[in-house]
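The values are calculated or read from the model by the stated rules, or taken from the named source; none is laboratory data. Small disclaimer: the values here were computed from a predicted structure and weren't measured. So basically every Cβ, Gly included, is an ideal-geometry build from the backbone, and we count neighbours across all protein chains shown. In case anyone asks, the SASA skips ligands and DNA or RNA and just uses the protein heavy atoms, side chains included. Shrake-Rupley method; radii C 1.70, N 1.55, O 1.52, S 1.80 Å.
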Amino acid sequence: VQLQASGGGLVQAGGSLRLSCAASGSIFNIIVMGWYHQAPGKQRELVSSIAKNSSPNYADSVKGRFTISRDNAKNTWYLEMNGLKPEDTAVYYCNTRALTGVYWGQGTQVTVSS
């Protein structure tokens, strides 16, 4: 099973990025799809997650700015990030929990300049 994250980059404060995560391989019955971030010297934190047939949840720091969505048919999920702030700078990891296990993507760097 592989999770391929993409879409990170360098953006100015107030800008937008869209992250994508595609799952491939023998992954069955995905339960939850999510995004975490880890800033230098800090612990990895949940940014947003969405379970099948359920409303998404967001960290307080990103509510109203970030939107998570999923395409179940493609085993792909997205994180639309608007109004980016320098404090959003981090490596973003996609994550999923399925009946077959818990999986992590390789991370994609998001850098927001002030």
Could you look through the range 99-112, keep only residues that are more than 18 Å from residue 42 (Cβ to Cβ) and open to solvent by less than 40 Å² (accessible area, probe 1.4 Å), and pick out the one that is modelled with the highest pLDDT?
105
Looking across the range 7-20 at residues that are under 12 Å from the mean Cα position of the chain (by Cα) and part of a strand (DSSP E or B), the single one that is surrounded by the most Cβ atoms within 10 Å (Cβ to Cβ) is 19
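To keep it simple, each residue is scored yes or no on (1) open to solvent by 30 Å² or more (accessible area, probe 1.4 Å); (2) assigned to a loop (DSSP other than H, G, I, E, B); (3) more than 16 Å from residue 77 (Cβ to Cβ); (4) of a type in the set (Phe, Trp, Tyr).
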site: 5; (1), (2), (3), (4): no, no, no, no
site: 22; (1), (2), (3), (4): yes, no, no, no
site: 26; (1), (2), (3), (4): yes, yes, yes, no
site: 33; (1), (2), (3), (4): no, no, no, no
site: 37; (1), (2), (3), (4): no, no, no, no
site: 43; (1), (2), (3), (4): yes, yes, yes, no
site: 60; (1), (2), (3), (4): yes, yes, yes, no
From 96, 67, 76, which residue is closer than 21 Å to residue 13 by Cα and surrounded by 11 or more Cβ atoms within 10 Å (Cβ to Cβ)?
67
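The rows are residues; the columns are (1) charged (D, E, K, R); (2) within 11 Å of the chain's Cα centre (by Cα).
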position	(1), (2)
34	no, yes
44	yes, no
75	no, no
103	no, no
108	no, yes
Looking only at the range 57-114, count how many residues are hydroxyl-bearing (Ser, Thr, Tyr) and without any contact (Cβ under 8 Å) to a residue 24 or more places away in the chain.
3
Of the numbered conditions (1) modelled with pLDDT under 95; (2) not in a helix (DSSP H, G or I), residue 73 fails exactly one; give the number of that condition.
(2)
Every listed condition ((1) modelled with pLDDT of 95 or more; (2) in a strand (DSSP E or B); (3) surrounded by fewer than 15 Cβ atoms within 10 Å (Cβ to Cβ); (4) in contact with a Lys or Arg (Cβ under 7 Å, 6 or more places away or on another chain)) holds for residue 83 save (2)
